[in-house]
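Right, one structure below, let's go through it.
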Amino acid sequence: MNAAEKITRNRALASWVEEVARYAKPERIHWCDGSEAENEHLIEQMLADGTLEELNQKTHPGCYLHRSHPSDVARTEHLTFICTENQADTGPTNNWMSPADARAKVWPLFDGAMKGRTLYVVPYLMGPASSPFSKVGIEITDSAYVAVNMRIMTRMGQVALERLGDSADFVKGLHSLGDLSPERRFICHFPQSKEIWSVGSGYGGNALLSKKCFALRIASTQARDEGWLAEHMLILGCEDPQGKTTYIAAAFPSACGKTNLAMLIPPLSQAGYKVWTVGDDIAWLRPGPDGRLWAINPENGFFGVAPGTNNETNPNAMASIGKNTIFTNVAVTKDRQPWWEGLGQAPEGLTDWRGNPHDASKGEPAAHPNSRFTAPATQCPGISPKFDDPQGVPISAIIFGGRRASLVPLVYQAFDWAHGVLVGAMLSSETTAAATGKTGVLRRDPMAMLPFCGYNAGDYLNHWLRVGKGLKHPPAIFNVNWFRRGPAREFLWPGYGENLRVLRWIVERAAGAGKAVETPIGYVPTADAIDTRGLDVAATTMQELLHIDAEGWTAETRDIEEYLHKLGERLPAELLQQVQRIRQRLLAGSARPAASVAGRTA
Ligand code: SAT
Ligand code: MN
């Protein structure tokens, strides 16, 4: 019995662990305390059994490589279910399974699943240790790899058990690798009883149940019931040369540079500005007693995509992953350094993500396109001093963004919260080859929550409207598009660090200043509102980037209307009215300079 087990006088927890153990029949049970010694022991054990390989300890101290089963390399949305009694509560955007069917079909897969294995009890806390908004989860898993990843991604061990005390209020996550067969792979969520069952996968969001399963799918239903929002958003603080920091939350579908934005380093031309990272993936947002929206990052680490990460695109991510990081499915160099596409010319003697000598002539990447790093958030040089603040940070602006080659301008501001909810609901992105094999296919992804909202999408959008109505000082809402292209498919906007110039306009607008033109779709910066000094972007290109094409937008409103109808009967009528109002304005062809938005306070 170790210290963690000893402090558990929690009856609900102890009896659940016993019940699972009786059924899954592990060889032994280990209660994780989250200590350094325990971590070292687990790593040693995984080095011995081949689950982990050591990386170059001189260049990458404390870093290890894991290779997943080749059929288990990403989250599997089609095997992910929300289990509610009533299918309508799950809604049209989620896969549904009745709790009875889950019991009949999925529960038996845990029968004896842990034979010969260790059952790890992983207590974890989502949110800062002393925050009243943090929540406890317990993951039972038969994967030591999951246990050590959870130690990076969450506040894991003793700290969570202490917080839990003898309360029965925790999210129960049951995970087994099973036989890793996609035929017997399921990820089931029970919002009613706050349970998660995951079997047949050891990868990422399928197995680290704190992340998408708890902090988004289960938490979104808790947030609906308790009056807050659990969102797929980064959180950053933008500090100006006077030392004033404005906090922004931002939602992007995958492959839109979310991690890069969260860790942005201002270019030299923007000296005096600084971006602080509070979170890179998930935000829990609550109305505060002051009428503002306050955010915490429930996570404690980054589970980021490796390919494309380098010292140009994201130096802070590179610094974050220099030590104490677990790499999954990356390639390795001859001297055992992690390697992926985007780090320059492939060196001689690479080993690919499957562990085979890399043959560059085949044209296949050496690292898996979804290869990942798991790194402690505190290793990020730009980590916010408010990262551990129990109250979180006050959010002045919310950004939605997608990858759109045309139509959607570089940035625009919603007229008000309700219009902003529509802007979020309209979020869409063109797929990249890496993700789907098809490029340029438009995928609608409301609030970037399509695979992560744990309940009916119509109810969800209603809940957003309701939360806004209760805020005396709602954040201003914006849409950005870093990915507009010119006639030769070239990007019109340089992106990366230069996105700070757009953030500056957003910060100004959120404070009730900043110059804008009122267009039918929202407020767009005036030609001179975004600082382009020192930037190699022609005035005509800026015009193009900020232009609103009435015809194209009219077609877009029809498309979005059609999409919203697919979200079913529970869709708020208010959003359809919003779309119609935009179309009327487009037809009337209005475009006039706007004063700053009344009533916004910083
Ligand atoms: O695998 S995760 O769900 O954690 C990351 C992602 O796919 O977005
Ligand atoms: Mn994500």
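The values are calculated or read from the model by the stated rules, or taken from the named source; none is laboratory data. This one's a predicted model, so the numbers in the text were calculated from it and none came from an experiment. Positions of Cβ are generated from backbone atoms using ideal geometry, with glycine treated the same way; all protein chains shown enter the neighbour counts. Accessible surface is based on the protein model in full, side chains and every heavy atom, while ligands, DNA and RNA are left aside. Shrake-Rupley method; radii C 1.70, N 1.55, O 1.52, S 1.80 Å.
Table for the structure above
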item	result
T59 among the polar types (S, T, N, Q), touching a Phe, Trp or Tyr at 6+ places or on another chain (Cβ under 7 Å) and either modelled with pLDDT of 95 or more or open to solvent by 30 Å² or more (accessible area, probe 1.4 Å) (or both)	no
Residues of the stretch 61-94 classified as farther than 30 Å from K323 by Cβ, in contact (Cβ under 8 Å) with a residue 40 or more places away in the chain, within 15 Å of ligand 1 (Cβ to nearest atom) and outside any loop (DSSP other than H, G, I, E, B), total	3
Matching helices (runs of 4 or more DSSP H) fully within the stretch 496-588 where at least 2 residues are small (G, A, S) and over 30 Å from A88 (Cα atoms)	550-566
From the options F491, F452, F483, residue that is touching a residue at least 24 places away in the same chain (Cβ under 8 Å), more than 16 Å from ligand 1 (Cβ to nearest atom) and either surrounded by fewer than 17 Cβ atoms within 10 Å (Cβ to Cβ) or within 20 Å of the chain's Cα centre (by Cα) (or both)	F483
Criterion: buried (at least 19 other Cβ atoms within 10 Å of the Cβ), away from ligand 2 (no atom under 16 Å from the Cβ) and farther than 30 Å from P132 by Cβ - qualifying residue of A418, A414, A457, A405	A414
Lone unmet requirement of (1) touching a residue at least 24 places away in the same chain (Cβ under 8 Å); (2) open to solvent by 30 Å² or more (accessible area, probe 1.4 Å) for A538	(1)
Among (1) open to solvent by 10 Å² or more (accessible area, probe 1.4 Å); (2) within 16 Å of ligand 1 (Cβ to nearest atom) - the single one L471 does not satisfy	(2)
Scope the stretch 258-284; condition surrounded by 23 or more Cβ atoms within 10 Å (Cβ to Cβ), more than 13 Å from ligand 2 (Cβ to nearest atom) and assigned to a strand (DSSP E or B); matching residues	V275, T277, V278, W284
Selection within the stretch 241-257 - touching a strand residue (DSSP E or B) at 6+ places or on another chain (Cβ under 6 Å), open to solvent by 20 Å² or more (accessible area, probe 1.4 Å) and either within 16 Å of ligand 2 (Cβ to nearest atom) or touching a residue at least 60 places away in the same chain (Cβ under 8 Å) (or both)	Y247
Members of the stretch 195-230 that are touching a Leu at 6+ places or on another chain (Cβ under 9 Å), farther than 20 Å from P99 by Cβ and more than 14 Å from ligand 1 (Cβ to nearest atom)	A223, W228, L229, A230
Qualifying residue in the stretch 369-381 (condition: among the hydrophobic types (A, V, I, L, M, F, W, C), away from ligand 2 (no atom under 16 Å from the Cβ) and assigned to a loop (DSSP other than H, G, I, E, B))	yes
Filter result for A317 (under 19 Å from A255 (Cβ atoms), in contact with a Gly (Cβ under 8 Å, 6 or more places away or on another chain), modelled with pLDDT of 95 or more and hydrophobic (A, V, I, L, M, F, W, C))	yes
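For every residue, the table says whether it meets (1) open to solvent by less than 10 Å² (accessible area, probe 1.4 Å); (2) more than 14 Å from ligand 2 (Cβ to nearest atom); (3) not in a helix (DSSP H, G or I).
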| position | (1), (2), (3) |
| --- | --- |
| Q192 | no, yes, yes |
| K212 | no, no, no |
| L216 | yes, no, no |
| Q222 | no, yes, no |
| L236 | yes, yes, yes |
